[in-house]
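*Asks:* Okay, handing you the structure first.
Read the figures in this text as sums done on the coordinates, not as results from a lab. Please read these numbers as outputs of a predicted model, since none were measured by experiment. Cβ: placed from backbone, ideal geometry, glycine included. Neighbour counts: every protein chain shown.
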Amino acid sequence: MGTCNILLVDDDPSVLKLVSVMLRRLNMTVTATADGSAAVSLLRSSTEHFDLLLTDIHLTDQDGLELSRLVLNEVPNIRVLYMTGDTGIAGSLRNRNLVCLSKPFRLQELTAALDWVMSEEMRR
């Protein structure tokens, strides 16, 4: 997979910190923010290139699906990985061929999801 520059969005500070640590253990570069509006503002003002958006589905200011639409408008080639503690929503997203991690998840599950999302097959 190699290293990626990841924009991480979750409104739970403990999840944001834990997932940031996990991603850094995988040698990823992480920019973390607690809400969708801040993520979009960061994308618009940053000179950095982000390879992946990793977002929670339930955010305080908007849902992760809407955030991903806004982000994809700004960065059309960015990959998207969702996460949620709601198993019903996770299953629904997977049925729509979207990659979603069910919280809580382990480092191995995160690694597998990142490998899949960043794979060539996901480009098709």
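*Asks:* Name the long-range amide H neighbours of residue 101: under 5 Å, sequence gap of 5 or more, or other chain; modelled H, no Pro or chain starts.
*Replies:* Sorted by chain and number, the residues that satisfy this are 82, 83, 84.
*Asks:* Return the long-range amide H neighbours of residue 32 (sequence gap of 5 or more, or a different chain), with a cut-off of under 5 Å between placed amide H atoms.
*Replies:* It is 8, by chain and number.
*Asks:* Moving on. Given only helices, namely DSSP H runs of n ≥ 4 each adding -39500 (n - 2.57), what is the per-residue ellipticity at 222 nm of the chain, to the nearest 500 deg cm²/dmol?
*Replies:* -13500 deg cm²/dmol
*Asks:* Specify the residue with the greatest mean-square fluctuation among 55, 47, 87, computed from a Gaussian network of the chain linking alpha-carbon atoms under 10 Å apart.
*Replies:* Answer for the Gaussian network model of the chain: 47.
*Asks:* Which log10 I(q)/I(0) values, to two decimals, does the chain give at q = 0.22 Å⁻¹ under the Debye formula with one point per Cα?
*Replies:* Ignoring solvent entirely, the Cα scatterers give -1.51.
*Asks:* Given Cα pairs under 8 Å that are at least 6 residues apart, what percent is the relative contact order of segment 54-115?
*Replies:* This gives 27 percent for segment 54-115.
*Asks:* What fraction of the DSSP beta bridges in segment 5-119 is antiparallel, stated in percent and rounded to the nearest 5? Before the final figure, lay out each step's value.
*Replies:* Numbers: 1 of 18 bridges.
Once the DSSP bridges in segment 5-119 are tallied, antiparallel ones form about 5 percent.
*Asks:* Further, regarding this structure: Give me 89, 6, 57 ranked fewest to most by other Cβ atoms within 10 Å of their Cβ, as a rough exposure proxy.
*Replies:* By the 10 Å Cβ count, ascending: 89, 57, 6.
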